[in-house]
Structures are given as C-alpha cells and as structure tokens.
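First the structure, in the form of structure tokens, and then the observations on it.
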Ligand code: ATP
Ligand code: MG
C-alpha cells in the first residue's frame, strides 16, 4: 500500500525506521557514535513534511554548529526534492537570536542589539573587576567570566545568586556587585552575551507567556541533535517551548506576534512533539555546563516517551569500533552499548611515536601523501589534536610538504584586532548604544583622541543623560581643543554617512549589498585603511589583506542573503563557531581540535598527541569527572574515522618555549594491542639509547608480559608489559601512569659541562652546559659534525663516554 514517505525509509534498519515513523509527544533516540542518529533526525523531518503532518514553518531543529545546520537543511531539501522554506534549523544560539530580534523590545532592548562574544564580555568584565577592586580578592577577569557564565547556564542572575550566597564574605559581595554591574552594562549597551542569548530567551518566555505561546503554537515539532551536550538553560528553553499552549490555536500567525485571548475560553493545545537524539558517551562539554542528566532523566521529564536504541554502526570498520568500544568501556557509571558493524575488520590502526612533535608531524604528512596517491581525497582526511597550539608543528610540515590544509575553527579570523575594529565600526552604526564599540574605534586610527578626551566625552554623556555615541555628535559642546573637536566631528560624519547607506533614514530597506558599501566607507573615510597602508610594519600588510577578506565576506553574505540586513550580517559573524570554517574545505585536509570534530566523519583520521597531559589534558586531572570526560573526548575522536585511523605521539614536546618529556596516553593502553600496528612504538624510540634498552631488557625479563606497544612484535621491542586482566575499574590509570615513567628513565644520567657523549643520530659531541632540573634537564651539546643541539636528557638517545 505504501506510505507517502516509504522511499525515505529505504535502507534503514528496523529501529531506525521506528525512529523515523513514530508519532507521539516525545521520542528519545540514544545510540553510540555513527549509528545514524543525525541521519534519522534528518529523515524524520523529511517524513513529517512529506506526509503533510507538518508545515516547514512548524519545525524547529537544533544542531550543535551552524555548519551542521546547513548540512541538515540541504539534506532535508534533497530528500523531499523541494524547498522547505520556513523551517528553523539552527543552533540554540541562532534560534534565540531570531526570537530576541523579534521580541527584545518586550523587555528593554531593541532589535538592533549587539551580541558580545567571549572577548567582548571579557573586556567589559576586566573593566568592572578593576572598578570594583576585585583584584584585591584575587579575581581575574577570566575567572569572573567563567563564574558568571556558569551561573547564567544555570539560569541564575545576580539577585538570585546573592540570595543563596554568603554575603557576609566580602569577596562574595564584590563578585555579586560585579555580576550585577555587568548585567546593567550589557542592558545599557543594548547587548547580550552568548549565555544571555539562551538565558534571556528563557526569561522572556517565563515573564511573557503570551510571547511564549506564539512560539509554542508555531513550533509543533522540535528536534534536538547532540542532546547530551545541552546545559540547563537550553534544557529549560526546550521545556518552555514544549509546554501546552493556553491560548486558542491558530491565531498566532495572524496576530503579528502579539496575542490577546480570554484564558477561560481558550482550549488547551497539546505541547509540541519533541525528539532528542544523543549519546552520553560523547558528552564533552561538561566544562561548559552540559549536563548528561538531561538524557538520563528524559523519561522522567517526559513520561510515556518512546525510547529507541540504535546499535548498528554504519561509519567505521570493526577494528576502529573495537578500539573505541574498548576505550570507552573503561568509564564507569555508564550503560554498556553494543555497537557493531557488518563492514568487516578493515585495515589495522596505525601507531607512530616520534622523537619530537616535528617527527610526528612528518609522519602525518607522509601518510597523508601516501593516502592521496592511493586515491583518497584530501577532503576525506582530518587531523585532530587536543589543544590549538599543537597545530603549529603540523602546519609547518604541511606547508613544506605542500599539503593543502584548512584549520577548522573560523573564530580565529574574527579574533584579529583589525577585524574586531572593523566590526566595531559596523556595530557603532547598527547599535549606537553599544558604548564599548564606539569607544573601541574612538582613536582607531590614531586621531589624537586620548584617554582624557574619552573621559570628557563619557562625563558629558552622563551629565546630559545621552549616549556616548550621541555625545560625539555634540563635539562643540565638549570643551575640547579645536584639533580634537575636528577629529571627533570627522568620526561622527563617517558614522552618519555609513549609517545612511546601511540604515537609510528614509525608512527604505537597504539592499544587502549595502553592508559592503558601508564597510568600505567606514574603513576608507575614517582613514583606517590608509594608516595601515602607510605603515612600515610588515604585519600591517597582512592586516590590510585580512580586511579585504572581511569585505569579501560581506559580498558573499549579500549573495547568499539577498534580503540580509546589517544586523543579520553581524549576527552571522558573531555566531561563527568552531566547526564553521570561513571557506570551503574541499580539496584540503582538515585540521581541528577533538572538540570541533564532534558529529563529523572522514575516511582517514589522524589523532595526534596521544600523550598524558594532552589527552587526558593536564587541567582535567584535578576536575571531578575530568579524566572520564577526556576519555569521552578521545572516544569522539576515534569514532570519526570511517576506514583508516592513525594514532601518533611524540616523546618530547615543545610548548610555551619549553621542551618537556611526554608520556604515552593511558588511553593507548586501553586499546587491545593486536588492533594497533606500530610503525614506531614508544619502545622503539626509547630503545635508541643503548644504555636504556639494556636496563629495560633486564627489567622486562621478570615481567613476562607481552607488548602493549610492540604490535605483534613486528617493530616490537616488547618494552611495556600488558596490564593485568580483569583489573578493577580505575586501576588502569595508576598502572599506565607508572609504566612510561619507568621505561624512559634516563634521569639518573649524570652529565656536566665538559663530558663527552654519543647520540644515536648525531654522533659524538661535548656537553657545553646543563640547564633545568629533574625531568626537564637539558644538555647543550656541541656535536663534532652535527653542530650545537639542545637535548632533553631524560629521553634523548645518548650515552656518556
Ligand atoms: P555521531 O554520534 O558521530 O553524531 P550519528 O549517530 O549521528 O553519529 P550519522 O552521522 O547519522 O551517525 O551516520 C553515520 C554514517 O552512517 C553516515 O555516513 C550515514 O550516512 C551512515 N548511515 C546511517 N544509517 C545508515 C543506514 N541505514 N544505511 C547506510 N548508511 C547509514
Ligand atoms: Mg550525529
């Protein structure tokens, strides 16, 4: 007989079909990585549309990144072969911006509000910490920002926090003052920070039920991907949206956003249907307030919810899955999932240990090259690392090897000073109440307006009860010298001119191309570009190029959004998230952090820096649940790979100008050893020091264990014994921590200036001096032929002669 959406179900396994076709108030899909959660969500939307159970405008789908949102929208349109205009598929933040742009006037903001990114809010907090003398209590802007962010994610404001805080503690009082002042400053600037976007939308819905009802009526189907990483505020938002509507159904669209109704005669409309998909093993944002309980308590929150489990993985080979399953199996407090695949074992996982991070990067570049020659597209390869700073060594080698690459994490571009300046110019036009933006451009380029004048302007504004921006228009009343007065008038004129282009006072709607035009006026007539062009600083040339790039971004924006406004543009660039790259990544290898990798998949994946202190990261050690969260992060990284997985590490790593010894990550030991084929094991690297391997061989004699790193003995130098089987959970950590320390103990090698040594690669040389202490002792050696080198004594393959 055939459902109208039968073709959408083709190829799905039974539980996937269930998840697509189930109808009811609440559906929870929990499943491991690569089991089709996102695909099912996409097909479910297509199915709702195809069967005419929903109009596109009744669908709200939440993804974790803008990039994922774009992909989902495209996929839905492909599936139903039609444009599905009016669907909201976006991140939590973008959805809230859209709501707030419409409703902000309800509670003291205007629709042209600015969005403060983390840097903006840090700058504001820095000023307030100083003003309230918070440093007397050891407050740093970063710490205060972190605390405020956390509170907002818990939906606490300064008042509610003060009610339960110990206000007899002066530090608490000052914190509360800063928090409250921060919130007032944001309101005055007509601005929201990132956390506010969610928290204030929740506040809006709670304080103005008639506004909430508009959205409750509109969105009949709410679908959330990556639900395991929602925080409390996001959870509350979903709850608000899925409540039953109190007013009459149907009048929301005709009433232009506001509804008036008599509660008595209003029939209750059922709440929206809610679908969430997630994997508690992939929860990696607890540090940002994500709460796994949102998943585990879903059935309690939504009684009668249907639960679907997906167990077949369609992404990875069995070898990759087995490794990932083994690692995540070491977390306690989790429900064991049976993830399987029918694609076969596939190639073994390749392991590599470099002497340094350059060595490691060279390995990655070589393997990328080899894959490319076997016909794998660059775009199908990705390299992951735990911290951004690790990308530098990779980039250096990739450039030298002419491997095209792309760093995922578009935010970096928008963090550049010149880009922030240019955006501040645009904000000064879009939202003149945003004092921080206006102050930022006051003396950029240098026009002789110093701190004294800035204070004068601020005082004048306060006295007159006008905004800082409006004070600029009254230059003659400020009582400043004629040169400064002229500079202020010039800035004012440029802002007015650009504003006429982008927000014409005639009320006419400016075309989306006006953003480009306005930006050119701002950068040109303010003298900003000229100042950079005339500068002798070679960096300024790059800055001009970056600004050209920004202008190109406005052009692309205009092309993609024929109706787009200046505000739309600013929203878009402010909400660029880690996974949203600036340009097309096709044709290049993608480099990104493990966090950014969430939800993505590649044929070949390189997980680099698999070392203690990186993954698990050093800072996680002291956090409750930290190492477990790191293990989930590592699990996310492994499960991105379809066919090939490479795990690499280095024995020494230079960071922050310091070389230190690195130890293999404990997570490596959790992978069954037969799954990894070591091209060069940690043992190989260590054994290059003759003295060392002799000592180790002796030690190994007694242990009787097989190789953890020696992959079937092929490269094996069976250095590391197997951990005992069936050990209690947790003991593996202690075990893993012990071993690497033992195997590379070169630490007791006495060296002093004048000693002669032999190095496996560099030959003989003379020690000039020894610096540092303990594990960080460095020998400065002049080699007879290789020249001067600095070596980390603990791990260098050296012997004293
Ligand atoms: P993650 O946990 O990493 O977010 P996921 O559960 O969302 O993963 P998807 O990204 O939806 O998984 O799917 C993983 C891969 O499996 C995709 O390439 C998808 O196209 C494919 N896939 C999903 N279901 C099927 C199926 N029934 N038949 C064939 N391929 C499938
Ligand atoms: Mg997914």
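This table checks each residue for (1) out of contact with any strand residue (DSSP E or B) (no Cβ under 7 Å at 6 or more places or on another chain); (2) closer than 30 Å to residue 322 by Cβ; (3) more than 16 Å from ligand 2 (Cβ to nearest atom).
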residue: 6; (1), (2), (3): yes, no, yes
residue: 24; (1), (2), (3): no, no, yes
residue: 31; (1), (2), (3): no, yes, no
residue: 52; (1), (2), (3): yes, no, yes
residue: 58; (1), (2), (3): no, no, yes
residue: 70; (1), (2), (3): yes, no, no
residue: 81; (1), (2), (3): yes, no, yes
residue: 85; (1), (2), (3): yes, no, yes
residue: 96; (1), (2), (3): yes, no, yes
Completion exercise
Filter the range 581-607 for residues that are away from ligand 2 (no atom under 16 Å from the Cβ) and either under 30 Å from residue 101 (Cα atoms) or part of a loop (DSSP other than H, G, I, E, B) (or both); the one that is modelled with the highest pLDDT is 588
Exercise for the section: Would you check if residue 76 is more than 23 Å from the chain's Cα centre (by Cα), assigned to a helix (DSSP H, G or I) and within 16 Å of ligand 1 (Cβ to nearest atom)? Expected result: yes
Exercise for the section: Return yes when residue 663 is at pLDDT 65 or above and either farther than 20 Å from residue 383 by Cβ or surrounded by fewer than 18 Cβ atoms within 10 Å (Cβ to Cβ) (or both) and no when it is not. Expected result: yes
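Tell me the helices (runs of 4 or more DSSP H) entirely within the range 286-353 that contain at least 1 residues that are within 16 Å of ligand 2 (Cβ to nearest atom), in contact with a helix residue (DSSP H, G or I) (Cβ under 6 Å, 6 or more places away or on another chain) and farther than 30 Å from residue 242 by Cα.
Values: elements: 293-296, 298-301, 318-328.
Fully inside the range 286-353 and qualifying: 318-328.
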Practice task
Please indicate, with yes or no, whether at least one residue in the range 448-464 is in contact (Cβ under 8 Å) with a residue 12 or more places away in the chain and more than 27 Å from residue 185 (Cβ to Cβ).
Solution key: yes
Practice task
Would you check if residue 30 is under 24 Å from residue 282 (Cα atoms), more than 9 Å from ligand 1 (Cβ to nearest atom) and not in a helix (DSSP H, G or I)?
Solution key: yes
Fill in the blank from the handout: When restricted to 493, 422, the only residue part of a helix (DSSP H, G or I), under 31 Å from the mean Cα position of the chain (by Cα) and modelled with pLDDT of 95 or more is 422
Practice task
Evaluate the following for residue 42: is it without any contact (Cβ under 8 Å) to a residue 60 or more places away in the chain, within 12 Å of ligand 1 (Cβ to nearest atom), crowded, with 17+ Cβ neighbours inside 10 Å and in a helix (DSSP H, G or I)?
Solution key: yes
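For the range 79-111, which positions are more than 26 Å from the chain's Cα centre (by Cα) and assigned to a loop (DSSP other than H, G, I, E, B)? Break it down stepwise before answering.
Of all residues in the range 79-111, those more than 26 Å from the chain's Cα centre (by Cα) come to 79-86, 102-111.
Once the filter is applied, which keeps residues that are more than 26 Å from the chain's Cα centre (by Cα) and assigned to a loop (DSSP other than H, G, I, E, B), the range 79-111 yields 81, 82, 83, 84, 85, 86, 108, 109, 110, 111.
Quick check on the range 51-68. Is at least one of its residues within 10 Å of ligand 1 (Cβ to nearest atom), in a helix (DSSP H, G or I) and buried (at least 18 other Cβ atoms within 10 Å of the Cβ)? Don't jump to the end; show me each part of the working.
From the range 51-68, those within 10 Å of ligand 1 (Cβ to nearest atom) are 64, 68; that's our starting set.
Next cut, in a helix (DSSP H, G or I) only: 68.
From the residues that got through so far, the ones that are buried (at least 18 other Cβ atoms within 10 Å of the Cβ) too are 68.
Yes; the residues of the range 51-68 include at least one that is within 10 Å of ligand 1 (Cβ to nearest atom), in a helix (DSSP H, G or I) and buried (at least 18 other Cβ atoms within 10 Å of the Cβ).
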Handout entry: Scope the range 638-648; condition in contact with a helix residue (DSSP H, G or I) (Cβ under 9 Å, 6 or more places away or on another chain) and either within 15 Å of ligand 2 (Cβ to nearest atom) or outside any strand (DSSP E or B) (or both); matching residues
Key = 638, 639, 641, 642
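Taking the options 324, 361, 379, name whichever one is more than 30 Å from residue 295 (Cα to Cα), surrounded by 23 or more Cβ atoms within 10 Å (Cβ to Cβ) and under 26 Å from the mean Cα position of the chain (by Cα). Talk me through it step by step, then tell me what you get.
Details: 324 fails: more than 30 Å from residue 295 (Cα to Cα); 379 fails: surrounded by 23 or more Cβ atoms within 10 Å (Cβ to Cβ).
Going through 324, 361, 379 in turn, just one is more than 30 Å from residue 295 (Cα to Cα), surrounded by 23 or more Cβ atoms within 10 Å (Cβ to Cβ) and under 26 Å from the mean Cα position of the chain (by Cα): 361.
Would you point out which residue out of 367, 360 is more than 30 Å from residue 793 (Cβ to Cβ) and either in contact (Cβ under 8 Å) with a residue 24 or more places away in the chain or part of a helix (DSSP H, G or I) (or both)? First the steps, then the outcome.
Working: 360 fails: more than 30 Å from residue 793 (Cβ to Cβ).
Only one candidate passes the filter, namely 367.
Mind listing whichever residues of the range 619-638 are free of Cβ contacts under 8 Å to residues at least 40 places away in the same chain and over 19 Å from the mean Cα position of the chain (by Cα)? Please lay out each step first, then the result.
Within the range 619-638, the subset free of Cβ contacts under 8 Å to residues at least 40 places away in the same chain is 619-622, 624, 626, 630.
The answer is 621, 622, 624.
The values are calculated or read from the model by the stated rules, or taken from the named source; none is laboratory data. All values reported here derive from a predicted model rather than from experimental measurement. Don't worry about glycine lacking a Cβ; one is built from the backbone with ideal geometry, like all the others, and counts go over all protein chains shown.
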